[in-house]
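Beneath this line is the structure, given in structure tokens, with notes to follow.
Bear in mind that the values in this text are calculations on the coordinates, not laboratory data. On a predicted model such as this, the values are computed, not experimentally measured, just so you know. Here the Cβ positions follow ideal geometry from the backbone for every residue, glycine too, while neighbour counts run over all protein chains shown.
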Amino acid sequence: MDQDWECLPYHPPLDWEGLLNFFAPRAIPGVESISEGRLRRCFRQENRWGVIDLSLAEQPGTIQIRAWNHAPDLNLVRRVLDLDHQPSRLAALFQSDDILGPLWARWPGVRLPGAWDPFEMGVRAILGQQISVKAAHTLAARLVARWGQKVSTPWPGLTHLFPLPEDLAGLQTDDLANLGLPNKRAETLRQFALWSCRPITDRPPLGSLPGIGPWTENYLKMRGQSYQDAFPAGDLGIQKALGIQNRSPAAAAREAETISQRWRPYRAYAVFLLWRSLG
């Protein structure tokens, strides 16, 4: 059953276009759809599922939300869209900075795009290791088509729920490698699924899993946990935006980390400004 439209307030300005431009190339076919300023998404909540429909509301300072089949936790929606962020907090830190100042002036409503599901975000991060966003998108689409749960919705483009940890934990490494993954990354994905099936109190540190390095850990903190000071210093896009070139990967990461110290405790927002500066 459709739910009535509801409005969620935010602290202006909000870079809605920037959020959608980030989510759009990462939207998994069947799970998400972004077009004409709207974000629609299949989601799970406990043992139920539904579709969420989000867009800017006519009433200034609000996002309008409608759910189909089952309503989501609105706190999750607020976190994913970073609606509780107060842009004025960044002004004193960013506006006089020689690197971020011009970027913040252009996009003062920058938000930290969160993740609807931590496991899905972890899978996406692993799939995206050392490849382009487009290539990772292709792999995620294959994974959902093979192991995602099929659902029926009013929208032809929304047909699946993302797999659960147990859906992938029982697979063999070769099954996952057949998506087009190197064997080592396929094994990392399998180990991450097994790790995610364990009780939180019984999980070893994420970084102890094979194939999980600082970039993946920081990316998951930034998006999966909405940690505002996460900074994946080894990211090539960040290094390019900072003009760090002709250095070894380790040296470039160290320099990016050093530069980033002046943006604490909001380095994750710096990441998205730097990425957006690349077009």
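Annotations for the structure displayed:
- Its Cα centre serving as origin, the chain has a Cβ charge dipole (Lys and Arg +1, Asp and Glu -1) of approximately 580 debye.
- Under 19 Å from the Arg106 label point (7 Å along Cα→beta-carbon), backbone N, region 242-265: 242-244
- Cα gyration tensor category, rounded, prolate or oblate, for region 198-247 with a/c compared to 1.5: oblate
- Across region 58-67, coupling constants 3J(HN,Hα) worked out from phi with the 6.51/-1.76/1.60 Karplus curve, θ = phi - 60°, read 5, 6, x, x, 9, 9, 9, 9, 9, 10 Hz, and Gly and Pro carry x.
- One Cα centroid belongs to region 85-111, the other to region 237-279; the line between them spans 16 Å.
- The stretch between Cys197 and Lys134, if pulled fully straight at 0.36 nm per residue, gains 19.9 nm over its current Cα-Cα span.
- Cα-based Rg and Dmax for region 169-279, where Dmax is the largest Cα-Cα distance (Å): 16.2, 45
- Computed across region 41-191, the Kirkwood radius stands at 18.0 Å (inverse of mean 1/r, all Cα pairs).
- Relative contact order of the chain, defined on C-alpha pairs under 8 angstrom at six or more residues apart (%): 18
- Short-range pairs are left out: with C-alpha atoms under 8 Å and at least six residues apart, the relative contact order of region 222-279 is 44 percent.
- Within the chain, the longest run free of GluC sites (Glu not before Pro) that sit in a DSSP loop with at most 14 other Cβ atoms within 10 Å is 59-279.
- Of all beta bridges that DSSP places with both ends in the chain, some 95 percent have antiparallel geometry.
- Listed options for semi-axes √(5λ) of the Cα gyration tensor in Å are (1) 29, 22, 17; (2) 29, 27, 16; (3) 26, 25, 17. The value calculated from this structure is the one marked (2).
- Förster-model FRET efficiency, 35 Å R0, Leu206 and Arg66, C-beta, rounded to 0.05: 0.50
- Put a dot 7 Å past the Cα of Lys240, heading toward its Cβ, do the same for Ser96, and the two dots end up 3.3 nm apart.
- Across region 179-254, Cα pairs under 8 Å and at least six residues apart give a relative contact order of 19 percent.
- Straightening the chain between Glu166 and Leu74 buys 30.5 nm, computed as 0.36 nm per residue apart minus the Cα-Cα spacing.
- His85 sits among other residues whose Cβ lies under 12 Å from its own Cβ, and their net charge, with Lys and Arg +1 and Asp and Glu -1, is +1.
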